[in-house]
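Input: a single structure, listed below in structure tokens.
The values are calculated or read from the model by the stated rules, or taken from the named source; none is laboratory data. A quick note: this is a predicted structure, and the numbers were derived from the prediction, not measured. Quick reminder, even Gly has a Cβ in these numbers, built from the backbone with ideal geometry, and neighbours come from all protein chains shown. The protein model used for the area step is the full one, side chains on, heavy atoms only, and it has no ligands, DNA or RNA in it. Shrake-Rupley method; radii C 1.70, N 1.55, O 1.52, S 1.80 Å.
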Amino acid sequence: MNTFKFKGNQSDFYIELKAKVQEYFKNNNKTITGNSYLYFKAILLVSSFLACYILLLTVSMHWSLALLLCTLAGIATAGIGFNIMHDGSHGSFSKNKTWNKAASLTLNALGCSSYFWSVKHVVVHHTYTNIGGHDDDIENEPFLRLCETQEKQKMHAFQQFYFVLVYGLLYIAWIFYLDFVKYFSRKIGIKENLEISASRHVGFWATKILYTLFFVVLPIYAVGIVPFLIGYSCYMFVVGVLISIVFQLAHCVEDMAFDHSVPENHTDWATHQMNTTCNFSTKSKIVTFFTGGLNFQIEHHLFPKISHVHYPALSKIVKEVSAKYKIKYHEQPTLFAAVKSHYKFLKMMGNQ
């Protein structure tokens, strides 16, 4: 498969935008990485997850309370991914490379390969956003059709109704199936023949073995097989829905561009990001807190190496410059509006 050829990042729009963003950090004497607010969130989220995990394995409780803790553990897990792992994988969690590496490795602690995630998300998705056959984030075939280049199945006519079920299964599929597909095929989206070093081989298998030990074997020993299956299913479903819906609301909604051809000279990369990315619920401090600023997806795609704690301030600059160059700034005002738009998008793609 041929790759898209962008004109580069140096459009007049992006040159001016970068200059204004640099001026913002200089004038306000701020660093582009995380701050005490982010570190507070990191401690809170990790502590919350560990508290749920320990209580579930050591305290005898009513099944309803156990399911509540499984749900809270799922919310905390998604929050760790959004706030800690995500910034760490982009090198924006801290000025210290070791802390960034530690933040990205929280994904391994939760069962997935941070290396494959980095290739899938940081390299492939951020370069080829919404490009069929290139962006692995929109490859959910055969269950969902998210791009016109993907083959339409009869079941896709109903995907707007069953998408939550698919999303609920994605996290467990990621851990026990999708990572292994990447490992043995050495392919992620447009990236083929991935080189896996000896240390990454060891890290991959250590991740899977230790996860199985602490998240499957030990819980079964502590609470029994039936309670484990019920609680684990609840936990995995919550994580799957949360991480899937947050990322999909940023790109798979109405009015987003999906490229279906490979021109010799495509639009510049920054304009492409503006055309394929949408913000949502940016006025909600709760949504911003929990999603790690991923509701400011435009700012994240334009400046992925800047920590999400700065996105609310940067959004004002991006709006100003994009308006000057007559580039549309896509935004859904509320979380409900974004979910509704995603529903309509799925319905359109399933019946197109």
Residues located in region 277-291, provided they are closer than 23 Å to GLU254 by Cα and touching a helix residue (DSSP H, G or I) at 6+ places or on another chain (Cβ under 8 Å): THR277, CYS278, ASN279, PHE280, SER281, THR282, SER284, VAL287, THR288, THR291
Scan of region 294-344 for residues that are out of contact with any helix residue (DSSP H, G or I) (no Cβ under 6 Å at 6 or more places or on another chain), under 18 Å from THR129 (Cβ atoms) and of a type in the set (D, E, K, R), ordered by number: LYS305, LYS328, GLU331
Residue check, LEU107 free of Cβ contacts under 8 Å to residues at least 40 places away in the same chain and crowded, with 23+ Cβ neighbours inside 10 Å: yes
Unique residue being touching a Gly at 6+ places or on another chain (Cβ under 8 Å), part of a helix (DSSP H, G or I), at pLDDT 95 or above and closer than 25 Å to ILE209 by Cα when the list is ALA102, ALA73: ALA102
Residue list for region 30-51, filter: open to solvent by less than 70 Å² (accessible area, probe 1.4 Å) and assigned to a helix (DSSP H, G or I): LEU38, LYS41, ALA42, LEU45, VAL46, SER47, SER48, PHE49, ALA51
Answer from GLY293, GLY203, GLY240 - the residue that is under 30 Å from GLN332 (Cβ atoms), out of contact with any Pro (no Cβ under 8 Å at 6 or more places or on another chain) and small (Gly, Ala, Ser): GLY240
Qualifying residue in region 274-297 (condition: small (Gly, Ala, Ser), open to solvent by less than 70 Å² (accessible area, probe 1.4 Å), touching a residue at least 24 places away in the same chain (Cβ under 8 Å) and over 22 Å from THR106 (Cα atoms)): yes
Any pair with Cβ under 7 angstrom, 6 or more apart, that starts in region 19-33 at a residue that is within 17 Å of ALA270 (Cβ to Cβ) and β-branched (Val, Ile, Thr) and ends at one that is at pLDDT 95 or above and not in a loop (DSSP other than H, G, I, E, B): VAL21/LEU314; VAL21/ILE317
Condition check for ILE54: over 25 Å from PHE296 (Cβ atoms), open to solvent by 50 Å² or more (accessible area, probe 1.4 Å), outside any loop (DSSP other than H, G, I, E, B) and not acidic (Asp, Glu): yes
Which numbered condition ILE196 fails, given (1) in a loop (DSSP other than H, G, I, E, B); (2) open to solvent by 20 Å² or more (accessible area, probe 1.4 Å); (3) closer than 24 Å to GLY132 by Cα: (3)
Conditions (1) open to solvent by 70 Å² or more (accessible area, probe 1.4 Å); (2) in contact (Cβ under 8 Å) with a residue 60 or more places away in the chain: number failed by TYR235: (1)
Hey, ASP179 modelled with pLDDT under 95 and either out of contact with any Pro (no Cβ under 7 Å at 6 or more places or on another chain) or assigned to a helix (DSSP H, G or I) (or both) or not: no
Qualifying residue in region 127-146 (condition: crowded, with 23+ Cβ neighbours inside 10 Å, of a type in the set (Asp, Glu) and assigned to a helix (DSSP H, G or I)): no
Output for region 133-176, where each listed residue is farther than 28 Å from TYR235 by Cβ, without any contact (Cβ under 8 Å) to a residue 24 or more places away in the chain and not acidic (Asp, Glu): GLN150, GLN153, LYS154
Hits in region 299-339 - residues which are out of contact with any Ser or Thr (no Cβ under 9 Å at 6 or more places or on another chain), farther than 24 Å from ILE84 by Cα and part of a helix (DSSP H, G or I): LYS316, ILE317, VAL318, LYS319, GLU320, VAL321, SER322, ALA323, LYS324, VAL339
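Per-residue answers, yes or no, for (1) out of contact with any strand residue (DSSP E or B) (no Cβ under 7 Å at 6 or more places or on another chain); (2) over 30 Å from PHE258 (Cβ atoms); (3) at pLDDT below 95; (4) open to solvent by 20 Å² or more (accessible area, probe 1.4 Å):
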residue	(1), (2), (3), (4)
GLU151	yes, no, yes, yes
HIS156	yes, no, no, no
TYR171	yes, no, no, no
LYS191	yes, no, yes, yes
PHE204	yes, yes, no, no
ILE209	yes, yes, no, yes
ILE220	yes, yes, no, yes
PRO227	yes, yes, no, yes
